[in-house]
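Below is one structure; the comments refer to it alone.
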There are 4 protein chains.
Amino acid sequence: MRYFVKSFEKENVTLTGYIHDVSNELKNAQIRPAVLIFPGGGYFMCSDREAEPVALAYMAEGYQAFVLRYSVGEKVPFSQSYEDACTALAYLKENSDELHVDAKKIAIAGFSAGGHLAAALGTMGKDKPTAMILGYPVILSSMGDGIYKEIPGLDEKVTAETPPAFIFSTSNDIIVPVENSLKFAEALNKNGVEFELHIFRNGVHGLSLAKPLTSNGERSMVNPVVAEWFTDSVRWLKEIWGDFYADHTSELEMTVNGAGIDTPVKLLLQSEGCEAILTEHIPNIREMLKENPMAGEFSLRIMNHYSPEIITGDMLEEMERKLAALQ
Amino acid sequence: MRYFVKSFEKENVTLTGYIHDVSNELKNAQIRPAVLIFPGGGYFMCSDREAEPVALAYMAEGYQAFVLRYSVGEKVPFSQSYEDACTALAYLKENSDELHVDAKKIAIAGFSAGGHLAAALGTMGKDKPTAMILGYPVILSSMGDGIYKEIPGLDEKVTAETPPAFIFSTSNDIIVPVENSLKFAEALNKNGVEFELHIFRNGVHGLSLAKPLTSNGERSMVNPVVAEWFTDSVRWLKEIWGDFYADHTSELEMTVNGAGIDTPVKLLLQSEGCEAILTEHIPNIREMLKENPMAGEFSLRIMNHYSPEIITGDMLEEMERKLAALQ
Amino acid sequence: MRYFVKSFEKENVTLTGYIHDVSNELKNAQIRPAVLIFPGGGYFMCSDREAEPVALAYMAEGYQAFVLRYSVGEKVPFSQSYEDACTALAYLKENSDELHVDAKKIAIAGFSAGGHLAAALGTMGKDKPTAMILGYPVILSSMGDGIYKEIPGLDEKVTAETPPAFIFSTSNDIIVPVENSLKFAEALNKNGVEFELHIFRNGVHGLSLAKPLTSNGERSMVNPVVAEWFTDSVRWLKEIWGDFYADHTSELEMTVNGAGIDTPVKLLLQSEGCEAILTEHIPNIREMLKENPMAGEFSLRIMNHYSPEIITGDMLEEMERKLAALQ
Amino acid sequence: MRYFVKSFEKENVTLTGYIHDVSNELKNAQIRPAVLIFPGGGYFMCSDREAEPVALAYMAEGYQAFVLRYSVGEKVPFSQSYEDACTALAYLKENSDELHVDAKKIAIAGFSAGGHLAAALGTMGKDKPTAMILGYPVILSSMGDGIYKEIPGLDEKVTAETPPAFIFSTSNDIIVPVENSLKFAEALNKNGVEFELHIFRNGVHGLSLAKPLTSNGERSMVNPVVAEWFTDSVRWLKEIWGDFYADHTSELEMTVNGAGIDTPVKLLLQSEGCEAILTEHIPNIREMLKENPMAGEFSLRIMNHYSPEIITGDMLEEMERKLAALQ
């Protein structure tokens, strides 16, 4: 892999990159979707608990991962943190080739105040991420009172251009009330933006991955129920983006799983034994496929279904028996 | 994190290290258990598909991860690959402090021929790993015929000193027949070594994580059923080693989850309101705890059970009501 | 088991009961929590897809299950369906002994229009269920237009007395828009009622268990992602109600898992071999327990932690060795 | 549903049946596969813990379920229990129509001694089940010593005719040693019978579903790790038998999931708007499908791939845009 920490020439602002090795044995994953993580910390710190462990979790699922440590502190206005977020996203897009990132598939994952920053980028950004993952996010402008800052209310910024969102929180979070998540979901819904929302019954604020490894030893930070959010978020990313392709039929697969009336005809023709059976029953099979190459994708069973005048039920049964005998 | 590739001054032999960042916010994970991975490849190559993706998967679960690329090739005798394995394990142990590794918790994970090497280290090694994770492993000496090498039969090498093993394979693997796994499990069983064995009905050889991201685009290399092995292996490691500790009760937890007759008494006494209720009913509660500090670990409900003469059923009910009213 | 269909002397109104057999081998499950199911069907039918299959699913998890087929049809006003719901709940409570139901643990599970009826019972009912499970529920009074009926808006009926709710729906449901779920969650939140809410990104209306077995052969009715709602709902019921108790330590358990310094002292004393070791090191152990019976619950390790003057570190280590040697 | 207890005119021998209701709304599940359960109990009793709860679990997954309480007791020879097993299987087959059972899909699930009986039926039976599910089964003839009976060693009875088996057990079972499972797996493997085997590291004997609801209150009988066997067994049955069919594309599905270049052409033609777009670009599309009806199954994207002379890349892009605009 490649690991780097890039400084943005601002105090304490860094972008950490976790990039997979490229390999000829992983041809389907040369370019990868990416997740850019904004840790939480009430805009006064960037929590390590919501940084590297989350990056590694997404990396293990095949994504390029990045962590932005953005400007924070009492005297830092929201606009400065926001600028850092914009800079980081622009950097990923401009350097996507070199970072082996698919620039059309960059998700921002943010937690608590980092969730506010992520949602800000998704709603207010001139250039936007393509998906948002928001963990117990701050959304409402009224939350600014608690952190002595003016922050925009992001439920008010949602438009039809806002990217799809995956949101999770807990109904008894006393630090960032669940109203934040509900109002944001409502705004997305009104604007026709698809979303997924999981509000768990029980859980303290700041759970991160909700596992012992992100608990710092605190019992309340371990919550196997809420921990499901991570797997769910990966499944959701795959729903909207697809997974790494895996549609090549290898020799191995065919050998192992056997050839039969459900095997695509083009594969059957690769085997001498199967070909003999096919041409015995359908002498002009190769000519047929030249005229209609799509038909090679079909199995004998489907061909019988659509063209019973070519492959009769009796023929199908007989070929099934013969193909089985080859195994 | 820290990422390094260490050369062992032998052609193509390297140890790649993936080490978590240390953080004050992750106090319970300063020192971590480790997984050392031996990729497969029939002792003629080391497959990338069973290297970094597997390391990243264990790393995401909190482990320090290492990949050994060992000596391979037609002219390389088994003894040379084995020597590399011994060297790598010794290196981890000798440098455990610097690598933030718990030297008592080092598992070897090997696949196919790498599984043979891992099982060799676990059975024949003078210094042994503390756990073995074996994916569709080569075990039997007769398998040497297929790779034109003499290799030891590891079912014959098992003793009571062999560390516990987690094994998975598929019943229709035609490259490394499942007999290898069965014979090894039998040998472990006879020697009183605890093990876990999952033989799935269906799956080709060489599945690695069995997900699109390790498939190299081949359909047969994606197998969601077999993919469960990874989660199972992590659960198994936690069964035998425990997880990162998470037993500290934070203020937050108590505030959120509420104080009641199931809360340890010592915690109740940390809250002024609760203390008032306790001392009203059990005036000498603090003296009692001085004499018998263990009692602080108990809840009022348990105290009532064991010492109904101190806390009567009526008292319990009344305190329950009062504590609930505090919420 | 016991299976019955009870008629309520109204056309097509029946209560179907699925009651577990009582057995001496299942002592911890003589009385069971119950789930009463209201199938959906737009108040014009009661769908079989949301009836027996759902009842059997909860039954398999140990609950007594009931299905109410309530009054439906063009000319049936909401009040009549509602009356049936009240009658059914009252019947379960009045006959709880005979039905082996824990009257304090009766959940209503309703789908679509059945979700409206369930939420009506939970908000408007004089007598209420203790939990609500709502699948893609109708909530808003405006939904009445689509079914040519006047129905109450249940978001307006929520009070602090409303029981906790588990809600699931899909963000692209075009028949019952997700706004229904969001508004109800908001109302619960405002009234301090705990809830759990899962809004999945994708899924058609009327999924029931979202498995082939409830699909009636339609592809769109199979949705493995949404199907997770059922397992989640059972986990949620166990969070709020607890599970069947399982806290008895059997002889078998102790034999198998071995006695050591983590075994409760009272169990160690049940074994002759262990007792000998204990009394060798702590001659007055039995007297100590008479004075302080709670201590029997502790392991030697905990005793050493709290009372190192009684059990020193050296003693602990020695006893550990001796107990291990017994195995 | 239908529930019945049939007596076989032998003392204490009964067959309990749990049959799903037939419904027009569940057209794909009129006839169902079945699971016939043999509870364990050392051939001296039939344990309730391994009877109804297991039947209900399979029933909830859509199977017809049956429990056989077979002849047991000190003076009952194995042959008598075995005869009961044969009778029960024959009864299911002879009455499959009336029981709505698919006679080609009857699995036997047996536990402990019941696992021995199940494996006996699978290996020695003149008429055999089509699948075996064996929980911590007794297999070896030497086990007869412990129960004062002569029983056949079933590892010796396996032939190529033996049906596929799903086996689970725990490596530290001290009552029925894991050797029983290993030897049976080895025999299946030698005879080319496919199988699945899960040996968990830790668990006492007799776990049944391993949940609180089958624990009888004993802590050791709850084991979430081993409890996975049930879900695994259902997945395995679906692998070998398939699931209830769910391949019908409803109008609803198409409306909701949207039409695009990945939608089968035949579906696009069902919508007026889509048809207009298609005929604009491919005027003779309907004629083409008449000649080659299989093509209707393909999406525009696949057609472009196979017949770029008919659908060019530019056409594809344009149609994609237009179809999206319809949404």
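The values are calculated or read from the model by the stated rules, or taken from the named source; none is laboratory data. Please read all numbers here as calculations on a predicted model, not as lab measurements. Note that we place each Cβ from the backbone using ideal geometry, even for glycine, and neighbour counts take in every protein chain shown. Remember, those area values only see protein heavy atoms, side chains included, never the ligands or the DNA or RNA. Shrake-Rupley method; radii C 1.70, N 1.55, O 1.52, S 1.80 Å.
Could you please let me know if residue D:102 is surrounded by fewer than 22 Cβ atoms within 10 Å (Cβ to Cβ) and without any contact (Cβ under 8 Å) to a residue 12 or more places away in the chain? Here the answer is no, as residue D:102 does not meet what is asked.
Of the residues making up segment D:183-197, those that are buried (at least 24 other Cβ atoms within 10 Å of the Cβ) and not hydrophobic (A, V, I, L, M, F, W, C) number 1.
Assess whether residue A:180 counts as being in contact (Cβ under 8 Å) with a residue 24 or more places away in the chain, surrounded by fewer than 24 Cβ atoms within 10 Å (Cβ to Cβ) and assigned by TED's automatic domain parsing to the domain that holds residue A:73. Steps first, please.
Working: in contact (Cβ under 8 Å) with a residue 24 or more places away in the chain: yes; surrounded by fewer than 24 Cβ atoms within 10 Å (Cβ to Cβ): no; assigned by TED's automatic domain parsing to the domain that holds residue A:73: yes.
Against the criterion (in contact (Cβ under 8 Å) with a residue 24 or more places away in the chain, surrounded by fewer than 24 Cβ atoms within 10 Å (Cβ to Cβ) and assigned by TED's automatic domain parsing to the domain that holds residue A:73), residue A:180 does not qualify.
Summed over segment B:214-233, residues that are of a type outside the set (Asp, Glu) and open to solvent by 10 Å² or more (accessible area, probe 1.4 Å) total 11. Residue-level check: of (1) out of contact with any Leu (no Cβ under 8 Å at 6 or more places or on another chain); (2) farther than 30 Å from residue C:194 by Cβ; (3) at pLDDT 85 or above, residue B:204 misses just (1). Quick check on segment C:74-94. Is at least one of its residues within 18 Å of residue C:20 (Cα to Cα) and of a type in the set (A, V, I, L, M)? Yes, some residue in segment C:74-94 is within 18 Å of residue C:20 (Cα to Cα) and of a type in the set (A, V, I, L, M). The residues on offer are D:289, D:268, and the sole one that is in contact with a Leu (Cβ under 7 Å, 6 or more places away or on another chain), modelled with pLDDT of 80 or more and not polar (S, T, N, Q) is D:268.
Can you spot a residue in segment B:4-15 that is touching a helix residue (DSSP H, G or I) at 6+ places or on another chain (Cβ under 8 Å), under 29 Å from residue B:196 (Cβ atoms) and surrounded by 21 or more Cβ atoms within 10 Å (Cβ to Cβ)? Walk me through it before giving the result.
Within segment B:4-15, the first condition is being touching a helix residue (DSSP H, G or I) at 6+ places or on another chain (Cβ under 8 Å), and the residues that meet it are B:6, B:8, B:10, B:13, B:15.
Among the residues that remain, those that are also under 29 Å from residue B:196 (Cβ atoms) are: B:15.
If we keep only those that are surrounded by 21 or more Cβ atoms within 10 Å (Cβ to Cβ) too, we end up with none.
No, because not a single residue in segment B:4-15 is touching a helix residue (DSSP H, G or I) at 6+ places or on another chain (Cβ under 8 Å), under 29 Å from residue B:196 (Cβ atoms) and surrounded by 21 or more Cβ atoms within 10 Å (Cβ to Cβ).
Of the residues that make up segment D:178-188, is at least one polar (S, T, N, Q) and touching a Leu at 6+ places or on another chain (Cβ under 8 Å)?
If we filter segment D:178-188 for residues that are polar (S, T, N, Q), which is where we start, we get D:180-181.
Restricting the remaining residues to those that are touching a Leu at 6+ places or on another chain (Cβ under 8 Å) gives D:180-181.
Yes.
So, in segment A:313-327, how many residues would count as being surrounded by 13 or more Cβ atoms within 10 Å (Cβ to Cβ) and within 42 Å of the chain's Cα centre (by Cα)?
As a first pass, look at segment A:313-327 and keep what is surrounded by 13 or more Cβ atoms within 10 Å (Cβ to Cβ): A:315-316, A:318-320, A:322-323, A:326.
Then keep just the ones that are within 42 Å of the chain's Cα centre (by Cα); that gives A:320, A:323.
Counting residues in segment A:313-327 that are surrounded by 13 or more Cβ atoms within 10 Å (Cβ to Cβ) and within 42 Å of the chain's Cα centre (by Cα) gives 2.
If you go through segment B:126-148 and pick out every residue that is out of contact with any Ser or Thr (no Cβ under 9 Å at 6 or more places or on another chain) and either touching a residue at least 40 places away in the same chain (Cβ under 8 Å) or surrounded by fewer than 21 Cβ atoms within 10 Å (Cβ to Cβ) (or both), you end up with 13. Of the residues making up segment D:165-177, those that are surrounded by fewer than 22 Cβ atoms within 10 Å (Cβ to Cβ) and at the interface with chain B (Cβ under 9 Å from one of its Cβ atoms) number 2. Of the residues making up segment C:72-87, just one is closer than 15 Å to residue C:119 by Cβ and of a type in the set (A, V, I, L, M), namely C:85.
Consider segment D:80-97 and keep the residues that are among the charged types (D, E, K, R) and in contact (Cβ under 8 Å) with a residue 24 or more places away in the chain. The one that is least open to solvent (accessible area, probe 1.4 Å) is D:84.
For residue C:246, indicate whether it is open to solvent by 40 Å² or more (accessible area, probe 1.4 Å) and not in a strand (DSSP E or B). The answer is no for residue C:246. Among the basic types (Lys, Arg) and closer than 19 Å to residue B:234 by Cα, is that true of residue B:105? So residue B:105 fits the description; yes. Here is the figure for segment D:64-79: residues that are crowded, with 16+ Cβ neighbours inside 10 Å, farther than 16 Å from residue D:9 by Cα and of a type in the set (S, T, N, Q) total 1. For residue B:216, the criteria (1) touching a strand residue (DSSP E or B) at 6+ places or on another chain (Cβ under 9 Å); (2) within 13 Å of chain A (Cβ to nearest Cβ); (3) on the phi < 0 side of the Ramachandran plot hold in every case but one, which is (3). Looking across segment A:179-197, the residues that are more than 7 Å from chain C (Cβ to nearest Cβ) and not basic (Lys, Arg) come down to A:180, A:181, A:184, A:187, A:188, A:191, A:192, A:193.
Would you say residue A:29 is within 18 Å of residue B:54 (Cα to Cα), touching a helix residue (DSSP H, G or I) at 6+ places or on another chain (Cβ under 8 Å) and open to solvent by less than 10 Å² (accessible area, probe 1.4 Å)? For residue A:29, the condition - within 18 Å of residue B:54 (Cα to Cα), touching a helix residue (DSSP H, G or I) at 6+ places or on another chain (Cβ under 8 Å) and open to solvent by less than 10 Å² (accessible area, probe 1.4 Å) - is met. Looking only at segment C:286-312, count how many residues are in contact with a Ser or Thr (Cβ under 8 Å, 6 or more places away or on another chain), facing another protein chain (nearest Cβ under 8 Å) and crowded, with 16+ Cβ neighbours inside 10 Å. Residues in segment C:286-312 being in contact with a Ser or Thr (Cβ under 8 Å, 6 or more places away or on another chain), facing another protein chain (nearest Cβ under 8 Å) and crowded, with 16+ Cβ neighbours inside 10 Å: 1 in total.
Checking A:241, A:236 one by one, the residue that is modelled with pLDDT of 80 or more and touching an Asp or Glu at 6+ places or on another chain (Cβ under 6 Å) is A:236 and no other.
Residue count for segment A:66-87 satisfying the condition of being among the hydrophobic types (A, V, I, L, M, F, W, C) and in contact with a Lys or Arg (Cβ under 9 Å, 6 or more places away or on another chain): 3. Per the conditions (1) at the interface with another protein chain (Cβ under 7 Å from one of its Cβ atoms); (2) open to solvent by 10 Å² or more (accessible area, probe 1.4 Å), the sole criterion not satisfied by residue A:200 is (2).
Here residue B:207 fits the description: in the same structural domain as residue B:105 (by TED's automatic domain parsing), touching a residue at least 60 places away in the same chain (Cβ under 8 Å) and open to solvent by less than 10 Å² (accessible area, probe 1.4 Å). If the condition is being among the acidic types (Asp, Glu) and under 18 Å from residue A:59 (Cβ atoms), then segment A:80-123 contributes A:98, A:102.
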